[in-house]
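No value in this document is a laboratory result; all are computed from the given coordinates. Owing to the predicted nature of the structure, the values given are computational and were not obtained by experimental measurement. We place every Cβ from the backbone using ideal geometry, glycine too, and count neighbours over all the protein chains shown.
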Amino acid sequence: MRHQCKKHHLGLAADQRTALLRSLASELFLHGEIKTTMARAKALKPFAENLITFAKKGDLASRRQAARHIFDKETDKFINLETGELYDTLPEGAKHPKQTVLRQLFTVIGKKYATRNGGYTKIFRLTPRRGDASEMALIQLS
């Protein structure tokens, strides 16, 4: 019997599916919202919410677990780890590290949802894509 083994396969092999979900989750945490197909958005939702749950814990083990599941890419901005504020240029005399997806997840997103028990993302339906009429969606952090 196939009880409790539902997974969104997305027509991909396991390694390709994992890489796709990692990149979608990284962009979602970096930008706050992304536009993708409905099937990918539905597959991304539990993946991203599990990572936000790791960020809420905030300990070292959770940080390492989350680092396994996202691409920790670096941007050109600097982040204040206490307040989560972003800077385009480094303020005079300040020593803030570069913004990465993992730092954004744990300093900003984890603190934002510290009191909420689930339901961190929303999926909105959009008009179909013009080329192939694929069902599109906007997934964002709520």
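Observations on the model:
- Per-residue 3J(HN,Hα) values for the stretch 62-71, derived from phi via the Karplus relation 6.51 cos²θ - 1.76 cosθ + 1.60 with θ = phi - 60°, read 5, 5, 5, 5, 5, 5, 6, 10, 10, 8 Hz in sequence order (x marks Gly and Pro).
- Above-threshold pairs, the threshold being 29 Å between Cα atoms, out of 45/112; 35/95; 35/73; 6/77; 42/98: 35/95; 6/77; 42/98
- √(5λ) per eigenvalue of the Cα gyration tensor, the stretch 74-134, largest first, Å: 32, 19, 8
- Sum of -39500 (n - 2.57) over DSSP H runs of 4+, divided by residues of the chain (222 nm, nearest 500): -11500 deg cm²/dmol
- The orientation-averaged shadow of the Cα convex hull for the chain, equal to a quarter of the hull surface, comes to 10.9 nm².
- Distance (nanometres) between label positions extended 7 Å along Cα→Cβ at residue 68 and residue 50: 1.0 nm
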